[in-house]
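Student: Quick one: the structure is below, and I'll ask about it shortly.
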Amino acid sequence: MTIYRLAALFAATALTAACGQAASTTASPVKRPAPVSATAAPTAYPLTIENCGRKLTFDQAPSRVVLLNGTSVAEVESFITLGIGDKILANSQSYGVSDDPAMPAKVKAVPTGGLTVNQNFEVPREQVLALKPDLVVSTWAGGFDEKIGSVTRDQLDTAGVRSFVTPVNCAFGDPAARPEDQERLKGQSIESSFELLLQLGQIFDVQQRAADYVNQARQKIDAIAKRVAGKPQKNVLVAYPGMSAMNSNGLPAVFGGGIYDDIITRAGGTNPFAGKSTAELAEINAEALASATVDVLVIGLFQPNENAERLADDLFRKFPQWQASKTKKFTSVSDGFYLGPLNTVAVEKVADAAHGKN
């Protein structure tokens, strides 16, 4: 995935995001009751689940899966984490840098099926149907929109192919989404990543693997929360310099709202741009950054050749007013800040930077 692809996708989906992704970042982090431990049992086929208001029935675990793009790696990394990467017939998701050093090579090893993307950076309908998959997965509802050249869920139904949208994103790209899906998008959090893992575990009959992974991740996050409890909250700014093309002013992309705020909060921090919409974040100017209270800088890595220390030093020079600039306190993340299986790594990195490792 290149910066140009992300920038182009951002421009192409700006209107969609206004009623989808942007809506998910306008509310403060939702306080939720502690989730019960995930449990597991062998999947009994035929299995019927609900996805974005549609009923999907599986007579057996899918074995010819196509992963659409959406500039996401949440799905391919979740498949790899659950040990079901061999079920993927064709993957169009890639990133090249990860908070798990082994992950980029694992993603690269997944078959691509010869997929190419169109001008909207999605896989054309004809390519998907030609592969004769038994399941097509999209990170967002808009990935099945024929207006961007994609295959629709109805067209896949006609061809006898099941389709699946990552549950938290059922309203992203679908202005007519159900109220419950809109609320789910607004409340996006780390639990949304776990929900995807658990759902895939059920579909592919690896429920124990999914439950074990989720329970261990929750336990680790709980341990971090206890470690930072009672300590003064630090103001944590998340900036991705390599995504500057997302903005109108060339400044680093600043992340806020939804899962980003949740990660920072669980690490004992506060996002100075918490709750901002995608459009609002894109308009942050140098004056707003200079006046922000920043105790800890999180550098987001977008390309494999980026140097976190050099990028941090550049921002420290540009914004000497920050407390972080005076203490040189920063850490780096990459895909751990996105929807996917590596959120625990991001929580730990931010907590360590903000409060120390002890």
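Student: Is there any pair with a first residue in segment 137-154 that is more than 14 Å from L56 (Cβ to Cβ) and a second that is basic (K, R) and not in a strand (DSSP E or B) whose Cβ atoms are under 7 Å apart and which are 6 or more apart or on different chains, and what are they?
Tutor: Once the first residue is more than 14 Å from L56 (Cβ to Cβ) and sits in segment 137-154, its partners that are basic (K, R) and not in a strand (DSSP E or B) give G149/R125; S150/R125; V151/R125.
Student: In segment 218-256, what residues are hydrophobic (A, V, I, L, M, F, W, C), under 20 Å from the mean Cα position of the chain (by Cα) and surrounded by fewer than 22 Cβ atoms within 10 Å (Cβ to Cβ)?
Tutor: Let us first name the residues in segment 218-256 that are hydrophobic (A, V, I, L, M, F, W, C), namely 221, 223-225, 228-229, 236-239, 243, 245-246, 251, 253-255.
Checking the rest, the ones that are also under 20 Å from the mean Cα position of the chain (by Cα) come to 221, 236-239, 243, 245-246, 253-255.
Result: I221, M243, A245, M246.
Student: Could you please find all residues in segment 202-226 being hydrophobic (A, V, I, L, M, F, W, C) and not in a helix (DSSP H, G or I)? Step through it out loud before you land on a result.
Tutor: Start the filter on segment 202-226 by keeping residues that are hydrophobic (A, V, I, L, M, F, W, C), which leaves 203-204, 206, 210-211, 214, 217, 221, 223-225.
Listed by number, the residues that qualify are F204, V206.
Student: Out of all the residues in segment 191-214, is one or more among the basic types (K, R), over 19 Å from V347 (Cα atoms) and in contact with a Leu (Cβ under 7 Å, 6 or more places away or on another chain)?
Tutor: Yes, there is a match, as at least one residue in segment 191-214 is among the basic types (K, R), over 19 Å from V347 (Cα atoms) and in contact with a Leu (Cβ under 7 Å, 6 or more places away or on another chain).
Student: Within the bounds of segment 194-201, is there any residue that is assigned to a loop (DSSP other than H, G, I, E, B), in contact with a Lys or Arg (Cβ under 7 Å, 6 or more places away or on another chain) and buried (at least 22 other Cβ atoms within 10 Å of the Cβ)?
Tutor: No, every residue in segment 194-201 fails to be assigned to a loop (DSSP other than H, G, I, E, B), in contact with a Lys or Arg (Cβ under 7 Å, 6 or more places away or on another chain) and buried (at least 22 other Cβ atoms within 10 Å of the Cβ).
Student: Looking at this structure, is V168 outside any loop (DSSP other than H, G, I, E, B) and within 21 Å of G340 (Cβ to Cβ)?
Tutor: The answer is yes for V168.
Student: Let me ask something else. When both residues are 6+ apart or on different chains and their Cβ atoms are under 7 Å apart, which pairs have a first residue that lies in segment 216-233 and is more than 18 Å from A346 (Cβ to Cβ), and a second that is surrounded by 12 or more Cβ atoms within 10 Å (Cβ to Cβ)?
Tutor: Cβ pairs passing all conditions: K231/G268; K231/H355.
Student: List every residue pair whose Cβ atoms sit under 8 Å apart, with the two residues 6 or more apart in sequence or on different chains, where the first one lies in segment 306-333 and is on the phi < 0 side of the Ramachandran plot and of a type in the set (D, E, K, R) and the second, anywhere, is at pLDDT below 95 and not in a helix (DSSP H, G or I).
Tutor: As it stands, the answer is E306/V97, since those pairs meet every condition given.
Student: If you check S150, S192, S138, which single one turns out to be under 30 Å from P46 (Cβ atoms), among the hydroxyl-bearing types (S, T, Y) and over 19 Å from the mean Cα position of the chain (by Cα)? First the steps, then the outcome.
Tutor: Numbers: S192 fails: over 19 Å from the mean Cα position of the chain (by Cα); S138 fails: over 19 Å from the mean Cα position of the chain (by Cα).
Exactly one of S150, S192, S138 is under 30 Å from P46 (Cβ atoms), among the hydroxyl-bearing types (S, T, Y) and over 19 Å from the mean Cα position of the chain (by Cα), namely S150.
Student: How many residues, within segment 120-129, are over 9 Å from I148 (Cβ atoms) and part of a loop (DSSP other than H, G, I, E, B)?
Tutor: Quick first cut of segment 120-129, residues over 9 Å from I148 (Cβ atoms) only: 123-129.
Now narrow it down to the ones that are part of a loop (DSSP other than H, G, I, E, B): 123-124.
Residues flagged as over 9 Å from I148 (Cβ atoms) and part of a loop (DSSP other than H, G, I, E, B) within segment 120-129 amount to 2.
Student: Another question, then. Only one of (1) open to solvent by less than 60 Å² (accessible area, probe 1.4 Å); (2) within 23 Å of the chain's Cα centre (by Cα) is not met by S325, so which one is it?
Tutor: Single failed check for S325: (2).
Student: Anything in segment 267-296 that is within 20 Å of the chain's Cα centre (by Cα) and among the aliphatic types (A, V, I, L, M)? List them, or say none.
Tutor: A267, A274, A279, L281, A282
Student: When segment 93-111 is examined, which residues are found to be hydroxyl-bearing (S, T, Y) and in contact with a strand residue (DSSP E or B) (Cβ under 6 Å, 6 or more places away or on another chain)?
Tutor: none
Student: Provide a single number: the residues in segment 109-124 that are open to solvent by 70 Å² or more (accessible area, probe 1.4 Å) and under 26 Å from G173 (Cα atoms). Explain how you work it out, then say what you get.
Tutor: Of the residues in segment 109-124, the ones open to solvent by 70 Å² or more (accessible area, probe 1.4 Å) are 109, 112, 116, 119.
Keeping just the survivors that are under 26 Å from G173 (Cα atoms) gives 112, 116, 119.
Adding up the residues that qualify gives 3.
Student: Limited to segment 134-149, what total is found for residues that are assigned to a loop (DSSP other than H, G, I, E, B) and surrounded by 24 or more Cβ atoms within 10 Å (Cβ to Cβ)?
Tutor: 2
Student: More than 23 Å from S189 (Cα to Cα) and among the aliphatic types (A, V, I, L, M): does that describe A288?
Tutor: Working: more than 23 Å from S189 (Cα to Cα): yes; among the aliphatic types (A, V, I, L, M): yes.
In short, yes.
Student: Still on this model: From the list R178, R209, exactly one residue is of a type in the set (D, E, K, R), more than 18 Å from the chain's Cα centre (by Cα), farther than 29 Å from A354 by Cβ and surrounded by fewer than 18 Cβ atoms within 10 Å (Cβ to Cβ). Which is it?
Tutor: Among R178, R209, only R178 is of a type in the set (D, E, K, R), more than 18 Å from the chain's Cα centre (by Cα), farther than 29 Å from A354 by Cβ and surrounded by fewer than 18 Cβ atoms within 10 Å (Cβ to Cβ).
Student: While we're on this one: State which residue is most open to solvent (accessible area, probe 1.4 Å) when the search covers only segment 77-108 and only residues that are closer than 25 Å to S332 by Cα and more than 16 Å from the chain's Cα centre (by Cα).
Tutor: My answer is K108.
Student: Between S277, S334, which is modelled with pLDDT under 95 and under 22 Å from E191 (Cβ atoms)?
Tutor: Matching residue, one of S277, S334: S277.
Student: Look through segment 330-358, keep the residues that are of a type in the set (D, E, K, R) and under 19 Å from the mean Cα position of the chain (by Cα), and return whichever of them is surrounded by the fewest Cβ atoms within 10 Å (Cβ to Cβ).
Tutor: Result: K349.
The values are calculated or read from the model by the stated rules, or taken from the named source; none is laboratory data. What you see is a predicted model, and the numbers here were worked out from it, not measured in a lab. Note that each Cβ is placed from the backbone with ideal geometry, even for glycine, and that neighbours are counted across all protein chains shown. Surface areas here come from the heavy atoms of the whole protein model, side chains and all, with no ligands, DNA or RNA. Shrake-Rupley method; radii C 1.70, N 1.55, O 1.52, S 1.80 Å.
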